[in-house]
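To start, the structure itself, in structure tokens.
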Amino acid sequence: METLPLSVCLIARDEAHNLPGLVDSVRGLAQEIVVVDTGSTDGTPELAAALGARVLHTRWQDDFAAARNVALDAARADWILTLDADQQLDASARAALAAAVRRQDCLAQLVTIRLLGPPHADGREHVVQHLPSLRLVRRDPRIRYRGRVHEDVADSLCDIGSHHWPDSGVTVTDHGYVQPDARQRKLARNLALLRQAHAEQPDALYLAYKLAISLPPDAAAERAQVLERALHQACTQPAQALRELACLPRLARAALDAWVQAGRLAEAAEAAGTLWARAGEALACTSGSVLARAGRFEQAREALQAYLEAHAQASSPGATLQLADEHADPVEACWWLAWMALTEGQIALARHWTEAGQRHAAGRPHAALEGLVVETHLAQGGPDAAAQALQAWGARLSSAPEALARGLPELMAASARVARACGDLAGAQAFAGQAGQARDDAAAVLQAQLDIEAGRTDAPTLQRHHEAILGQRFDTLAVKRMIGAHLGLAWPHPLPAATQALLSAGA
């Protein structure tokens, strides 16, 4: 293959063990390889030169963008491909790269980073993620990296009016996190730099997102604080700024989930509605589910149906700079639409959406959807029809051990509801107890209702139920709040209007 008008640029320190693999992956393809050494002691600069690279030196300043920009300034070819020393261009990507550098309609193109983790126990390669990244850019003094860590050129491109960043079709494999000790070193280094960068730029939403997802489990309070501040800030951003924020779907999901888990449904729904109105399609599924949880059904339906319409019209997605919400799923959207319909007594509509969800699932087990199918039969045809649906579901699960293990809590919860409808309260209690072991909110409410119906309303029993119910939907929150009021426990957050309505009706 002919040499391309391409500079491969990288920064390195003590990467002598990785350099040969990288150079071999681009050998004969690039016009030049530029290596910026930031203080190696293992012979990296000498090896790089021996491998044919042009070597520069710069002092490390705890700033990846500063070092990257030294390489950009040194590049001579029309296009620049930025790599890390522990990355390699996939052999299958050579033709795509040749086509990409012939494009005249853009200043930057997306490259897919295939991130490897420690191998599986049987030795198979473990692909952790496929991450889109702006690694292929034209040589232009206006295009520069920004950020101490998780550096990016997106902001500089937006500043010069460049927003068209097509997928180049190029894939790069990252081996930097394969070895556990190396992974821990890099994570610790990145976390320290993220904390420093976030302190310097507390309003940078991308840094807040990366810091929140990088914090260890024992830093839960810090994570909650970072996400809450970021969510408040995101709600004040102009629509265009939100649409240009690559991490928005995942940032919104993480922040809204934190509020949902804390039972802050009214606040979560208000933020979800604001973000969806400004960012549109990217947040339709996330916002719809949060709005449904808070009982804001009209808005929730609009958002979820917009997501399903966009999903149906989407072509093959390829890479996209805006990181996808990995929880956005048409089956989940159909579940929420069916659940809202069932909650309002619209049985035919609930059946419509459960059937739509099953079509999207295409045979893939989905326990929550199956449980809702049983509930729909229970509402429409009574216990006998629900029992038949439950039996059919159990038969399908019995032939798939992994699906059975995942779906058992939902199966037990559905069994408890059918047993309760049949008047078998002892069986309902037993089934609900098994379902409750998975910390399912609806199952916890069912356990509480069964105990209350049986007259077990002593303070220790109610206290146990109050702790078990998470209050992550407006209806389960109402039950938690009623039990809490009986115990004299105050609720520290605003209540959704739908929860207040249920409490008023219960009073």
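What follows is calculated from the coordinates using simple rules that are stated; it is not laboratory data. Quantities reported herein were computed from a predicted structural model and do not represent experimental measurements. Methodologically, a virtual Cβ is constructed for each residue, glycine included, from the backbone with ideal geometry; neighbour enumeration extends over all protein chains shown.
In whole Å, what are the Cα extents of segment 179-232 along the three principal axes, biggest one first?
Projected onto the principal axes, the Cα atoms of segment 179-232 cover 38, 21, 13 Å.
Measure nothing but the geometry: give the 0 to 90° angle between the long axis through the Cα atoms of 248-261 and the longest principal axis through the Cα atoms of the chain, rounded to 10°.
Tilt relative to the chain: about 30 degrees.
Can you compute the radius of gyration and Dmax for segment 321-433, using only the Cα atoms, both in Å?
Both quantities, over Cα of segment 321-433: 14.6, 54 Å.
For segment 1-138, give the share of DSSP beta bridges that are antiparallel, in percent and rounded to the nearest 5; count only bridges with both residues there.
Within segment 1-138, antiparallel bridges account for around 45 percent of the total.
Provide, as a two-decimal number, the C-alpha radius of gyration of segment 321-384 over 2.2 N^0.38 Å, N being how many residues it has.
For segment 321-384, the normalised Cα radius of gyration comes out at 1.20.
To the nearest 20 debye, what charge dipole does the chain have about its Cα centre, counting +1 at the Cβ of each Lys and Arg and -1 at the Cβ of each Asp and Glu?
That gives the chain a dipole magnitude of about 260 debye.
Using amide H atoms built 1.01 Å from N in the peptide plane, name the residues 5+ places from Val170, or on other chains, whose amide H lies under 5 Å from its own.
Thr112
Over 43 Å apart: what share of the alpha carbon pairs of the chain falls there, rounded to a whole percent?
Counting pairs separated by more than 43 Å, the tail of P(r) holds 29 percent.
Report relative contact order for segment 166-244 in percent, whole number only (criteria: Cα-Cα under 8 Å, sequence separation at least 6).
Dividing the mean separation by the residue count of segment 166-244 yields 20 percent.
Local charge sum around Cys235 (other residues, Cβ-Cβ under 10 Å, Lys/Arg +1, Asp/Glu -1)?
0
Share of antiparallel DSSP beta bridges in the chain, in percent to the nearest 5?
Bridges in the chain are about 45 percent antiparallel.
Quick one: net charge of Thr173's neighbours, Cβ under 10 Å, K/R +1, D/E -1?
Summing Lys/Arg as +1 and Asp/Glu as -1 gives -3.
Below 8 Å, C-alpha to C-alpha, sequence gap of six or more: please give me the relative contact order for the chain in percent.
9 percent
Which value, in Å to one decimal place, does the Kirkwood hydrodynamic radius take for segment 3-92 when every pair of different Cα atoms is included?
Across segment 3-92, the inverse of the average 1/r is 12.8 Å.
Can you give me the long-range amide H partners of Leu56? Hydrogens built in the peptide plane at 1.01 Å from N, cutoff under 5 Å, separation of 5 or more residues or another chain.
Those lying under 5 Å, H to H, from Leu56 are Val35, Val36, Asp37.
What list of ³J(HN,Hα) couplings, whole Hz, do you get for segment 402-412 from phi and the Karplus terms 6.51, -1.76, 1.60, once you set θ to phi - 60° and write x for glycine and proline?
My calculation for segment 402-412 gives 5, 5, 4, 4, 6, x, 4, x, 5, 4, 5 Hz in order.
What Kirkwood hydrodynamic radius do you get for segment 386-507 when you take the inverse of the mean 1/r over all pairs of distinct Cα atoms, in Å?
15.3 Å
Could you derive backbone 3J(HN,Hα) for segment 7-19 from the dihedral phi with the Karplus parameters 6.51, -1.76 and 1.60 (θ = phi - 60°), listing whole Hz in sequence and x where the residue is Gly or Pro?
After applying 6.51 cos²θ - 1.76 cosθ + 1.60, I find 9, 8, 10, 8, 10, 8, 8, 6, 10, 4, 6, 9, 4 Hz.
In whole Hz and in residue order, list the ³J(HN,Hα) couplings for segment 216-221 that follow from phi through the Karplus curve 6.51 cos²θ - 1.76 cosθ + 1.60, θ = phi - 60°; x for Gly and Pro.
Those phi angles translate into x, x, 7, 10, 4, 5 Hz.
Give me, ordered by chain and number, the residues 5 or more places off Asp152 or on other chains with an amide H under 5 Å from its own placed amide H.
Arg146
Could you state the principal axis extents of the C-alpha atoms in segment 68-169, from the largest down, to the nearest angstrom?
48, 33, 25
Taking the Cα atoms of segment 181-278 alone, what are Rg (to one decimal) and Dmax (as a whole number) in Å?
13.8, 44
Treating only the Cα positions of segment 139-200 as identical point scatterers, give the base-10 log of I(q)/I(0) from the Debye formula at each q in 0.14, 0.15, 0.22, 0.28 Å⁻¹.
The Debye formula, applied to the Cα set alone, gives -0.64, -0.72, -1.01, -1.09.
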